[in-house]
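Novice: Supplied in structure tokens, the structure appears directly below.
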Amino acid sequence: MSRIDRKRWQWAPAGLLLAIYVGSGPACGETGDAEPARGADSRPSVTADDGEGSDQETGLRVDAQEGTVTREAEIRVGGSTVIVEIADDPDIRSRGLMNRDSLPEDHGMLFVYPEEQILSFWMRNTRIPLDIAFIDRNGFILEIQQMEPHDDVSHASKQPAMYALELRKGWFEDHGVEPGERVEF
């Protein structure tokens, strides 16, 4: 294992790394026609019968109305702590933040891919204006773009990225975060 790979393993949470076995797929209506590679689902099975909530012990977020279960994690972006839902599975990535009416302050979604590649997102069925940061394998922000609700325009990374972080529109500017800064997973 190279020195860079060892450092990557040191800053990435184990649950996040274990989930990187899946192939890339659509996210928030991500553009592209490739069928993602699929593997066994290692996410815990959870049954939710009412409401929405988070379990801090397991890191699971349950949305009974949408019928979804995602894992949550805290990350650091430009000195601020953000709670993100982990989108590391093709189905979760394809849903993204679609069909939601709001996003709590300092909350977002982290899209995780098995390898660096050009990533492309759109806002079909997404009601919340968002910023998206494309992040390389070492956690450095490559670029930040703003996306408008219900827009089918493709927002593609200019360089290969392994992660994409969606937060409410204006979050990065409000917190003084620019390309070149490191995200601590």
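The values are calculated or read from the model by the stated rules, or taken from the named source; none is laboratory data. Small disclaimer: the values here were computed from a predicted structure and weren't measured. Because the Cβ atoms are built from the backbone with ideal geometry, glycine has one as well, and the counts that use them run over all protein chains shown.
Novice: Would you confirm, using the coordinates I've provided, whether Arg71 is of a type outside the set (Asp, Glu) and modelled with pLDDT under 95?
Specialist: yes
Novice: Since Ala133 meets every condition but one in (1) of a type in the set (Gly, Ala, Ser); (2) touching a residue at least 60 places away in the same chain (Cβ under 8 Å); (3) buried (at least 22 other Cβ atoms within 10 Å of the Cβ), which condition does it not meet?
Specialist: (2)
Novice: Restricting the search to the range 138-179, which residues are touching a Pro at 6+ places or on another chain (Cβ under 9 Å) and in a loop (DSSP other than H, G, I, E, B)?
Specialist: Glu148, Pro149, Lys169, Gly170, listed by residue number.
Novice: Right, something else. Specify the residue that is nearest to Pro160 (Cα to Cα); the eligible residues are those in the range 116-126 that are touching a residue at least 60 places away in the same chain (Cβ under 8 Å) and part of a strand (DSSP E or B).
Specialist: Gln117
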